[in-house]
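Accompanying notes for the structure given below.
The values are calculated or read from the model by the stated rules, or taken from the named source; none is laboratory data. A quick note: this is a predicted structure, and the numbers were derived from the prediction, not measured. No Cβ is skipped: glycine too gets one built from the backbone with ideal geometry, and neighbour counts run over all protein chains shown.
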Amino acid sequence: MQLPFIEPYKIKMVEQVYTSTRDQREKWIRESRYNMFNLRSDQVTIDLLTDSGTGAMSDRQWSAMMMGDESYAGASSFYNLKNAVEEITGFRFFLPTHQGRAAENVLFSALLKEGDLVPGNSHFDTTKGHIEFRKAVPVDCTVDIASDFEDPDPFKGNVDLGKLERILEGNPREKIPCIIVTITNNTAGGQPVSMANIRGIRSLADKYGIPFFLDSARFAENAWFIKSREKGYEGKSIREIVLELFSYADGMTMSSKKDAIVNMGGFVAFRDEELFRKASAYNIVYEGFITYGGMSGRDMNALAQGLYEGTSFEYLSSRIGQVEYLGKKMRDSGIPVLQPFGGHAIFIDAKRFLPQIPDEEFPAQVLCVEIYIEGGIRSAEIGTLMADRDPVTRENRSSGRELVRLAIPRRVYTDNHMDYVATAVRNVSEHASSVRRGFRIVREAPILRHFTVELERL
Ligand SMILES: *Cc1c(COP(=O)(O)O)cnc(C)c1O
C-alpha cells in the first residue's frame, strides 16, 4: 500500500482551544452586532476567519528571531531577507513593509493617479481599496468560468486575455499605470492562475508597454497547483516554478502573513531600479527606512526562513491537502461548495444554502452567523457586504456571489478539527430552511465596510 501524505512537522508547543455553549455564542454574536470581526478570539472555538498571519511558525523561525539584528540601517536581518527574496523570487530590488496592504500603498503611491484604470484578475479587497481610495478604477478581467461553482477547470483564477486586451487597446497608455494579477485569485475562491496565462499577460504587457505586477500573497500555493495541474510542470520543483512565475513580472507585492508563514510582514519587489528608487521615497514616508520598512530585525529573519519553508513541496502538499480534506467532507454531506477546492480555503455557496434569503439581507453573513452559533466557528463573508457600495452611485454593489469562506490557518489545526467543522456545517444545513430573514445595516464605514459594519436581525 502506498504510504499516505503526512504533515512534514510535529508539534512542540500547543495553545488552548476555547469551547462555549450555544447560549453564550448567541449572546456574544448579538453583542458583536453580527460582525465576525467584533468577536473576541476566546469566544471562538475554531478560527477560520482568515489564513492571514494566523499560521504557526517553526522552531527554526523562532530561533531565527533570536538572531534578529535591530540596527536601524543595514541590519544583517535585512540582508538575510534580501538574499531570501532574491533567491526565491529573482527580484533584486525590494522594500520591506509592515504587511501586504502597506506594500500596495508604497507601490500605488509611486504609480497611480486619479482616473487611472488597473486591470487584472479579481483584485483583493485591500488592493481594490487602495486603488479606489486614489479615485482610480480596478477592472476585473477574470475568466467568466470563475463564477461557475462546479466547473472543474483547473485554473479558474486566470485572466481572460481577450477582456484584458480590450481594456489595454481601448484606453490611452497613460491611463493604465500597471496590470495587477493576484496569485492565487482569492476573491474567485483561492483559484490558481496558470503559467500559460501569466505568459499571455506578459506578452500583452509588452505589446502595450504596461508594467505587470503580481499580488503574490499565495504564490507558493499557486506554484503547487501549476506543478499538479499544468502540463510540463510535473517534474519541476516548486522553487523552479516560482522563479519562472516571477520572471514574467516587473515586480510583486507580498503579504508575508500568507505563504511566508509569519504573523506580520510584507514587501514590495521590483525589477527596475528607477521604480524601486521612486518607491523608496514612499517607503520612508509611510513605513520606515528602506532596510526595515515597518519590520523588526527579528521579524525579517523569521520571514526569510518562512520563505524557504513555505515553498517546500511536502509542506504545500499537506497544507493544500488539508483544505481538500475539509472540502471533500463537506461536499460528501451535500454542502454546496466551490470546486475545484481553493488552496487556502473552502467556499460555501450561501445562495444555494439559504435560497430563501435575498441578497439585500446578506445571505452569506447569515450563514457565517449560523455556523458560529452552531459550533463556535468563525468564517468570513465574501458577498454583498464585502463588495461595498459603488464609489460613485453609493448603491450596494452586488458581486453576484454570496460566499462563506472557511480559511485554514497554516500548520495550526488537525484533521480532527476539520471533522468538527464539517459536522457543524452539516448540522446547520439540516435546519437551514427554518432561517427566515437576514440582516439590515445599522452602521457602516465609507470604504472596506465589512471590517466594522454593524448589523441587526430583520
Ligand atoms: C492578505 C492579502 C493582501 C493584503 O495583505 P495584508 O498583509 O493583509 O495587508 C493583499 N492581497 C492578497 C491577495 C492578500 O491575500
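If the condition is being assigned to a helix (DSSP H, G or I) and closer than 30 Å to Arg440 by Cα, then segment 29-71 contributes Ile29, Arg30, Glu31, Met36, Phe37, Asn38, Ser41, Asp42, Gln43.
Among the residues that make up segment 357-366, is at least one of them part of a loop (DSSP other than H, G, I, E, B) and surrounded by fewer than 23 Cβ atoms within 10 Å (Cβ to Cβ)? Scanning segment 357-366, I find at least one residue that is part of a loop (DSSP other than H, G, I, E, B) and surrounded by fewer than 23 Cβ atoms within 10 Å (Cβ to Cβ), so the answer is yes. Within segment 179-214, the residues that satisfy the criterion of being assigned to a loop (DSSP other than H, G, I, E, B), more than 12 Å from the ligand (Cβ to nearest atom) and either charged (D, E, K, R) or on the phi > 0 side of the Ramachandran plot (or both) are Gly189, Gly209. With respect to the conditions (1) charged (D, E, K, R); (2) more than 27 Å from Asp419 (Cα to Cα); (3) buried (at least 17 other Cβ atoms within 10 Å of the Cβ), Glu70 lacks only one, and its number is (3).
Scanning segment 348-376 for residues that are within 19 Å of the chain's Cα centre (by Cα) and over 17 Å from Arg440 (Cα atoms) turns up Ile348, Asp349. Filtered by the rule that a residue be assigned to a strand (DSSP E or B), basic (Lys, Arg) and at pLDDT 95 or above, segment 375-425 gives Arg378, Arg405. A residue that is over 25 Å from Pro96 (Cα atoms) and away from the ligand (no atom under 16 Å from the Cβ) occurs somewhere in segment 237-260.
Within segment 60-111, the set of residues being of a type in the set (S, T, N, Q), within 16 Å of the ligand (Cβ to nearest atom) and in contact with a Ser or Thr (Cβ under 9 Å, 6 or more places away or on another chain) comprises Thr89, Thr97, Gln99, Asn105.
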